[in-house]
Amino acid sequence: MIRRRGAALALLLALATVATRVEAQDTRRSGFMFMSPGTQAMQRDDMENPGMLAVLDGAELWAKPAGTSGRSCADCHGGGAEAMRGVAARYPAFDATRGEAIDLAGRILQCRAERQGDAPPPRESRTLLALTAFVAHRARGMPVAPDADPRMTPVVEAGRALWHKRLGQLDLSCAQCHDDNAGQKLASAPIPEAHPTGYPIYRLEWQTTGSLQRRIRGCLTGVRAEPFAYGADEYIALEAFLMERARGMEIETPGVRP
Amino acid sequence: MSRALINVPAKARKGEVIQIRTLVQHEMETGFRPLPNGGFAPRLILRRFECIYDGETVFAADLHPAISANPYLAFRTVATTSGEMLFRWIDDRGAVREERATIEVT
Amino acid sequence: MRRRPGRRRRARRPAAVFARPPVLALLAALLASATAGAQVVPYTIVADGIPEPLGGAAGDPARGRAIVADRQKGLCILCHSGPFPELRFMGTLAPDLAGAGARWSTAQLRLRIVDAARLNPDTIMPAYHRTDGLARVAPAWRDRPILDAAGIEDVVAYLETLR
Amino acid sequence: MDLPTASRRLVLGGGLALLAISPARATPEAMRAAMQGFAGGAEPRPGRVRLEMPTLVENGNAVPTTVIVDSPMTAADHVVEIALFNERNPLPDIARFTLGPRCGQAWVSTRIRLGDTQSVHALARMNDGSVWSASAELIVTLPACIEG
């Protein structure tokens, strides 16, 4: 008995050591770490972060009745400081009713249409970005914690396959740049590791807030590939894979990126 | 809908120099963005900003298209009296938007 | 995976801050020449090179230099650095082009530009003169190599001078 | 409100028509003319003005810019106006700031657009009519990928 307890203790210690080592070896870096001090300052200070404008828009929309239901998001989900706390850290998640993965923006669209009885706003519209930013901001500072539903596994794997697939006239995969060459410079721009921790982001290049899907479209156009349509399963699979890859990293929404 | 973020210290001592920061939602359309039809998107920018405090315009700015989208403006002023500060932005068409913030000066 | 039909989105003007006329002009020129329809020409690989010029004619080093230095046409300097004192931003993903002409023979240079994946299937170097085996190429670039035969020869002629 | 935030497409055919036309750029001469207009006959003197900007700009759409003028900001001695100019955007003017003794300190911060690598100039006019200047040289990086 004592021996067994000793063995168990040893195992626990060993596990703890492994855990510590894993943590020590976590060299993943958010895109934030690749930015200039000026752009970092812009993100760090809410008062200087233009992404906060979308979050504030979202806060107002959250409380505003919409559609034939006459209900606001807050009527169901609550409007206090704790409402939706951490929820975004889990998305994309498996939607049992539909039998498929759904991203956070897709979930908001679903609520708008099915619960509120309103015409859902288009992908990448200010309304949808604002609501998404508002919910994602409620997970700021929390670790990315992907949905544990086993039915997400094939989605993550589909995303992984796409990540490694060479696309476009330039015949490049996401992995070739963002895994193999992260930190190197593409012309003047450091290649980030592509962790989706700050979305929706305020991108200086866009001069507005945009989604991860818009960001991925940018890379697809860059390699001269035909982008997928907004809302496509491919983006949701890629996002599911990227969130798995960023598991435990801190959510930064609203991120600022060059 | 256009949103503004205003940062004014809630309290200050009389005579103290305080920092005011403002961030307002606006595309600041430069007039130099070409459109697919061969023309340019018409210019529409916030061209004027004013901060009125204790009966006086303590700071003002005339803005040109080279000011970034969602203009950020920060400046300093002397805390003189408790009350309201008025912030005003005026665009190319003369549309005015105003925000207010209060400060307690002791 | 199933793909849903997407809403068509209105195109909006590109460039970042204000128009950058030289870049735009170059792009216009590029697109104009691209629409002329550049096809892949046949070639023969011998050992690890292509000994014969693509299309038979020799390239022009000055034109080749312009292609290599052009961020939209050659794209080379997005990844490579090279002896271009007038350029400020060059990539660090790939070897410096300085000395390329001393490291490789003309035939080797040609194959490495035409289809580097023949030598290393995992290479990050795009195939500049191949249109098959590519996935999801955007309509504007479909069935068109990155560089036509003359462009390849110009770049080869330029890289040969880097000794 | 529901208008999609527009996307950009240069590489595809739709953008082709617009490439033929491009706005004129300001020139160093146009900038000097604008600066002379501001100075109103006074000869700008280097000094008293500090222009804080990054030397290497990650994206020209939002360049943090701070101007500080060495002035007591009293009724007798203060900054009246600060102006920012550039030489390579379509227009030489960036912004003009009206200040006075109520500011306490001559300190202004904003974010500006710069279309290209260039120099930016700050001028400050004092209540005695004298004009002081500072400038900054900036390298504006170009995006690697042109996005659709």
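The values are calculated or read from the model by the stated rules, or taken from the named source; none is laboratory data. In this text, all values refer to a predicted model and were calculated from it rather than measured experimentally. Glycine also receives a Cβ, built like all others from the backbone with ideal geometry; neighbour counts cover every protein chain displayed. Heads up: the accessible areas ignore ligands, DNA and RNA and are worked out on the full protein's heavy atoms, side chains in. Shrake-Rupley method; radii C 1.70, N 1.55, O 1.52, S 1.80 Å.
Just a few scattered comments:
- Residues in the stretch B:48-72 that are within 14 Å of chain A (Cβ to nearest Cβ), outside any strand (DSSP E or B) and either open to solvent by 40 Å² or more (accessible area, probe 1.4 Å) or of a type in the set (A, V, I, L, M) (or both): B:ALA66, B:ALA69.
- Filtering D:SER22, D:SER7 for residues that are facing chain C (nearest Cβ under 9 Å), modelled with pLDDT under 70 and over 18 Å from B:GLY38 (Cβ atoms) leaves a single hit, D:SER7.
- Scanning the stretch D:72-99 for residues that are facing another protein chain (nearest Cβ under 7 Å), open to solvent by 10 Å² or more (accessible area, probe 1.4 Å) and free of Cβ contacts under 8 Å to residues at least 60 places away in the same chain yields D:ASP93, D:ARG96, D:THR98, D:LEU99.
- Pairs are defined by a Cβ separation below 9 Å, a sequence spacing of at least 6 or placement on different chains, a first member in the stretch B:33-44 that is more than 7 Å from every other protein chain (Cβ to nearest Cβ) and in contact (Cβ under 8 Å) with a residue 24 or more places away in the chain, and a second member that is in a loop (DSSP other than H, G, I, E, B) and open to solvent by 60 Å² or more (accessible area, probe 1.4 Å); the pairs so defined are B:LEU44/B:GLU27; B:LEU44/B:ARG93.
- Of residues in the stretch B:1-34 being out of contact with any Lys or Arg (no Cβ under 9 Å at 6 or more places or on another chain) and charged (D, E, K, R), the one surrounded by the most Cβ atoms within 10 Å (Cβ to Cβ): B:ARG3
- Selection of helices (runs of 4 or more DSSP H) fully inside the stretch C:78-163 by the criterion of at least 3 residues being open to solvent by 20 Å² or more (accessible area, probe 1.4 Å) returns C:106-115.
- Qualifying residue in the stretch A:212-221 (condition: open to solvent by 40 Å² or more (accessible area, probe 1.4 Å), of a type outside the set (D, E, K, R) and within 20 Å of A:PHE241 (Cβ to Cβ)): yes
- Test for B:PHE49: is it modelled with pLDDT of 95 or more and closer than 23 Å to A:LEU53 by Cα: yes
- The single condition among (1) facing chain A (nearest Cβ under 10 Å); (2) over 19 Å from C:VAL156 (Cα atoms) that C:ALA94 does not satisfy is (2).
- Matching residues, the stretch A:227-258, being closer than 15 Å to A:TRP163 by Cα and open to solvent by 20 Å² or more (accessible area, probe 1.4 Å): A:PRO227, A:ASP233, A:GLU239, A:GLU244, A:ARG245
- Test: B:ASN37 is open to solvent by 30 Å² or more (accessible area, probe 1.4 Å), over 17 Å from A:GLN207 (Cα atoms), polar (S, T, N, Q) and modelled with pLDDT under 95: yes
- The helices (runs of 4 or more DSSP H) found wholly in the stretch A:20-115 and carrying at least 1 residues that are open to solvent by 70 Å² or more (accessible area, probe 1.4 Å) occupy A:37-44, A:51-62, A:73-77.
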